[in-house]
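Colleague: Starting off with a structure, shown below.
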Number of protein chains: 2
Amino acid sequence: MDAFRLHQHLIGQQGSRGLLNTPVLLVDLDLLERNIAEMANFAAAHSVKLRPHSKTHKSAEIARRQIAAGAIGICCAKLGEAEALADAGIRGLHITSPVVAAPGIDRLIDLARRAADTTVVVDHGDNVIALANAAAEAGVTLGVVIDIDPGMHRTGAADPQAVVALAQSIAGRPSLRYAGVQFYCGRHQHIESYPERKASIEERTQYLQGIIDLLANKGLKPAIVTGSGTGTHLIDAELGVFTELQVGSYVFMDRQYNDCDIRGQGNPTFETALQIDARVVSANTPGMCTIDAGLKSMSTEAGPPPILTGAVAGSTFRFMGDEHGAITAPEGARAPQLGASVTLVPPHCDPTVNLYDAYHIVRGNTLVDIWPVTARGRSR
Amino acid sequence: MDAFRLHQHLIGQQGSRGLLNTPVLLVDLDLLERNIAEMANFAAAHSVKLRPHSKTHKSAEIARRQIAAGAIGICCAKLGEAEALADAGIRGLHITSPVVAAPGIDRLIDLARRAADTTVVVDHGDNVIALANAAAEAGVTLGVVIDIDPGMHRTGAADPQAVVALAQSIAGRPSLRYAGVQFYCGRHQHIESYPERKASIEERTQYLQGIIDLLANKGLKPAIVTGSGTGTHLIDAELGVFTELQVGSYVFMDRQYNDCDIRGQGNPTFETALQIDARVVSANTPGMCTIDAGLKSMSTEAGPPPILTGAVAGSTFRFMGDEHGAITAPEGARAPQLGASVTLVPPHCDPTVNLYDAYHIVRGNTLVDIWPVTARGRSR
């Protein structure tokens, strides 16, 4: 049964978190609200705009709350995410990966028709021509942002000359609107030491500033400079080159970002709003037990999840196949009992969210709402 | 847009595989049919029954084809999978993990009411009592199978005495039907060397046979002995202790099982029916390119996917975040061009399938159908 049929009757019932079928993806609404407000206040104080990234949450409801708190729009990793959020009424959408294949370009033009302020990145001259031709044929003007490779070699124009050539190509095509540039230092977001992260971003920002100056000299100064993330938002805001920040994970946090000293103050800036409740389904081995959450309940590429509550301190989680995980208690301690509830922190929030159809929204131990993961699985 | 809205118009159109939006999960129907027939013929020749495991495919359509080929029912890892398949009319369901929590037991009883031949495993005396009480109260008879731990310490009764105690407890409760025992050697399935896999399974089967003999001596001979998997099905069938095999991955195969010498003959017994098509979305770095499939398009815990077609031999894949992967060509060779299609082999089929809402069914390069992943995300 889907989450709504299973659990809708529990909404508002005091203590109903303990009655949920598990595994279940939870959002602590108090913490989510604090995280959204904290980042909105930060942006206002630093005079920088927010266009939060929805690849983290894929949720129209959370996007609406971010916009209500002042965000100018929402970033999407893929066209399919943007379509799903546009269907839910979200505007100011920016697609942060190139849309290259013919069927995707057709859909992009349809999207631009109903959500005219949508922008998409380009990093190749052939793609500029393809987008311009499709937009011209459809009679729409498509906003495009030049993606610049910060050295990660994932997407982006490879050097300053390539950026200028793209800008000139875009500016010369009336069916395209040259909206600005994107520069996303993905690898830098998770450098755990604040001083190291700061030094590496300062170096990268000099490179970016050089490109912006070059564009300005050619009369192609970018109106939008978009990028940044939860890990570098303070550094980027202080450097003042970005006009808007694509922060994503701050809404939820996860183990990876909890390990980072985000603002160089040693204390956590954002709180762990995203959690997984699981239950013990087998307990026949002294010092360990098996819970009902495994490879299909959280992403695995960032290591095992820390245990937030439900097991004695020092207990560890180990993946035990598709649907199970082992909790091992420290030497001499007892593992949780059969049926007991255990709360985990997702190791990496984005791909974990993508496994669930719904968020179970709690305040304290009470289920207060169920929100669909609007763009779950929309990777195309 | 969902797969059906996006691609339904391409069904039956010659060569339409190349027109699909990517990333896309594909099933080569010719290969799927051959795999299903091969395993059905094997079981018939060895006089053993098949109850294939749906944790691999989560598909009512594939379950129906397995049953049409002679399977006596379908295994499910979780109650939610069993509910989804029961809703689609599948019967002979066996749930291979314990159902322990109160909300789950309520749903299990509902399921047993509409699908009376459903069985579930138990591995703890408290759970036997809870199931018996719930079944008695509802006036249903619930079939239960004792899960025996093969030494993996995931689920299962810990020793022969515990198995006998559970059998006696079940036999003494009129609301329960003692159906048999389960013994699943999960870790052994993927031992790559056939002789090593055989030796370890022979040792484990002696342990199982001892328990069966003990039960028989107490008048509690199990009617069903269920277990096995794609990796050990030949060995288990020849040993002749199992009455039915829970084979799963054989329908699709994946990198993990392709690395195993499944029947000790050196040649692949089953074919790689499950594939992912992706496309190059960025190509600005010599010798490499970026495709539109990453952490959200395949499971990561079994390593990177091999590249089946679309890149020169010796090219490798590396995960590049949520939505992207890098293809690196061997020294001196060219990487695929912008927009080019690349076909990948899922490293581990089960959690990869769980990321997709639909299978795109192809014969050759033509889309012939779209099947929902019926029980996607049904981990509770």
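Read the figures in this text as sums done on the coordinates, not as results from a lab. All of these numbers come straight from a predicted model, not from anything done at the bench. Positions of Cβ are generated from backbone atoms using ideal geometry, with glycine treated the same way; all protein chains shown enter the neighbour counts.
Colleague: Using +1 at the Cβ of each Lys and Arg and -1 at the Cβ of each Asp and Glu in the protein assembly as shown, identify which of B:257, A:14, B:319 lies farthest towards the dipole's positive end.
Modeller: Farthest towards the positive pole: A:14.
Colleague: Short version: ³J(HN,Hα) in whole Hz for each residue of the stretch A:66-80, in order, from phi by Karplus 6.51 cos²θ - 1.76 cosθ + 1.60 (θ = phi - 60°), x for Gly and Pro, what are they?
Modeller: For the stretch A:66-80, the Karplus-derived couplings read 5, 5, 4, 8, x, 5, 8, x, 9, 8, 10, 6, 9, 3, x Hz, x marking Gly and Pro.
Colleague: How big is the dipole moment of the stretch B:46-164 about its Cα centre under a simple scheme where the beta carbon of each Lys and Arg is +1, that of each Asp and Glu is -1, and everything else is neutral? Debye, nearest 20, please. Don't jump to the answer; show the numbers that get you there.
Modeller: Working: 12 positive and 13 negative charges, 117 e Å.
Once rounded to the nearest 20, the dipole reads 560 debye.
Colleague: Under 16 Å Cα-Cα from residue A:55, which aspartates and glutamates qualify once same-chain neighbours fewer than 8 residues away are excluded?
Modeller: The qualifying aspartates and glutamates are A:81, A:83, A:254, A:350, A:357, B:292, B:322, B:323.
Colleague: Another question about this same structure. Between helix B:125-138 and chain B, what is the angle of the helix's C-alpha long axis to the longest principal axis, kept within 0 to 90° and rounded to the nearest 10?
Modeller: 80
Colleague: Turning to a different aspect of this structure: Under 5 Å between amide H atoms, partner at least 5 residues away or on a different chain: which partners does residue A:22 have, H built in plane at 1.01 Å?
Modeller: Correct list: empty.
Colleague: Tilt of helix B:29-45 relative to the longest C-alpha principal axis of chain B, in degrees (0 to 90, nearest 10)?
Modeller: 30
Colleague: Something else: Gaussian network model of chain A, Cα springs within a sub-10 Å range: biggest mean-square fluctuation belongs to which of A:121, A:100, A:251?
Modeller: Comparing A:121, A:100, A:251 in the GNM, the peak value goes to A:100.
Colleague: Looking at A:1, B:241, A:333, which one has the Cα that reaches farthest to the positive end of the dipole of the protein assembly as shown (charges on Cβ: Lys, Arg +1; Asp, Glu -1)?
Modeller: A:1
Colleague: Most exposed first by the Cβ proxy, i.e. fewest other Cβ within 10 Å, how do B:376, A:279 rank? Don't skip to the end; give the middle numbers.
Modeller: Values: B:376 22, A:279 27.
Final ranking by Cβ density, sparse to dense: B:376, A:279.
Colleague: To continue, here is another question. What is the dipole size for the protein assembly as shown, taken about its Cα centre, with +1 at each Lys and Arg Cβ and -1 at each Asp and Glu Cβ, in debye to the nearest 20?
Modeller: The calculation lands at about 1060 debye.
Colleague: Moving on. Label-to-label distances across copies for residue A:303, with labels 7 Å out along Cα→Cβ, in nm, shortest first?
Modeller: Label-point distances to the other copies, shortest first: 2.3 nm.
Colleague: Sticking with this one: Find the relative contact order for chain B and round it to a whole percent, using C-alpha pairs within less than 8 Å whose residues are 6+ positions apart.
Modeller: Over chain B, the number comes to 22 percent.
Colleague: Which ordering of A:226, B:316 is given by a fewest-first count of other beta-carbon atoms within 10 Å? Can you show the working numbers first?
Modeller: Numbers: A:226 25, B:316 15.
Ordered by Cβ neighbours within 10 Å, fewest first: B:316, A:226.
Colleague: Given springs between every Cα pair under 10 Å in a Gaussian network model of chain A, which of A:213, A:28, A:292 has the largest fluctuation?
Modeller: The residue with the greatest mean-square fluctuation here is A:213.
Colleague: How many angstrom lie between the C-alpha centres of the stretch B:1-75 and the stretch A:333-380?
Modeller: If we compute the Cα centre of each part, the gap is 30 Å.
Colleague: Would you list, by chain and number, the lysines whose Cα falls below 25 Å from the Cα of residue B:58, excluding same-chain residues fewer than 8 positions away?
Modeller: Within the straight-line limit of under 25 Å, residue B:58 reaches these lysines: A:58, A:296, B:49, B:78, B:296.
Colleague: Which of B:218, B:198, B:58 moves the most in a Gaussian network model of chain B with Cα springs under 10 Å?
Modeller: Comparing B:218, B:198, B:58 in the GNM, the peak value goes to B:218.
Colleague: Give me the one-decimal nm value for the distance between modelled label points at residue A:318 and residue A:137, 7 Å along each residue's Cα-to-Cβ direction.
Modeller: Calculated label separation equals 5.7 nm.
Colleague: Still on this structure: Straight-line reach from residue A:198: which aspartates and glutamates fall under 13 Å, measuring Cα to Cα and dropping same-chain residues less than 8 apart?
Modeller: List returned: A:236, A:238, A:261.
Colleague: Something else: Positive end of the charge dipole of the protein assembly as shown (Lys, Arg +1 and Asp, Glu -1 on Cβ, about the Cα centre): tell me which of B:127, B:70, A:289 has its Cα farthest that way.
Modeller: B:70
Colleague: Per DSSP H run of n ≥ 4, the term is -39500 (n - 2.57); total these for chain A, divide by its residue number, and report the mean residue ellipticity at 222 nm rounded to 500 deg cm²/dmol.
Modeller: -9500 deg cm²/dmol
Colleague: Using amide H atoms built in the peptide plane, which far-off residues or other-chain residues are under 5 Å from residue B:263 H to H?
Modeller: B:269
Colleague: What ranking of B:56, A:243 emerges when the number of other C-beta atoms within 10 Å of each C-beta is taken as an exposure proxy, fewest first?
Modeller: Values: B:56 25, A:243 18.
So the residues, fewest neighbours to most, are A:243, B:56.
Colleague: Mind listing the phi-derived Karplus ³J(HN,Hα) values for the stretch B:350-365, rounded to whole Hz, using 6.51, -1.76 and 1.60 with θ = phi - 60°, and x for any glycine or proline?
Modeller: 4, x, 6, 4, 5, 8, 10, 7, 8, 8, 9, 9, 10, 10, x, 9
Colleague: Using label points projected 7 Å from each Cα along Cα→Cβ, tell me how many nm separate residue A:241 and residue A:41, to one decimal.
Modeller: Output for this residue pair reads 2.9 nm.
Colleague: Please state the relative contact order of the stretch A:51-136 as a whole percent: Cα pairs under 8 Å, 6+ residues apart? If you can, show how the numbers build up before the last one.
Modeller: Working: 112 pairs, mean separation 20.7, N = 86.
After rounding, I find 24 percent.
Colleague: Still on this structure: Could you work out, residue by residue across B:5-13, how many beta carbons of other chains sit within 10 Å of that residue's beta carbon, and then give the average as an integer?
Modeller: Counting Cβ atoms of other protein chains within 10 Å of each residue's Cβ and averaging gives 1.
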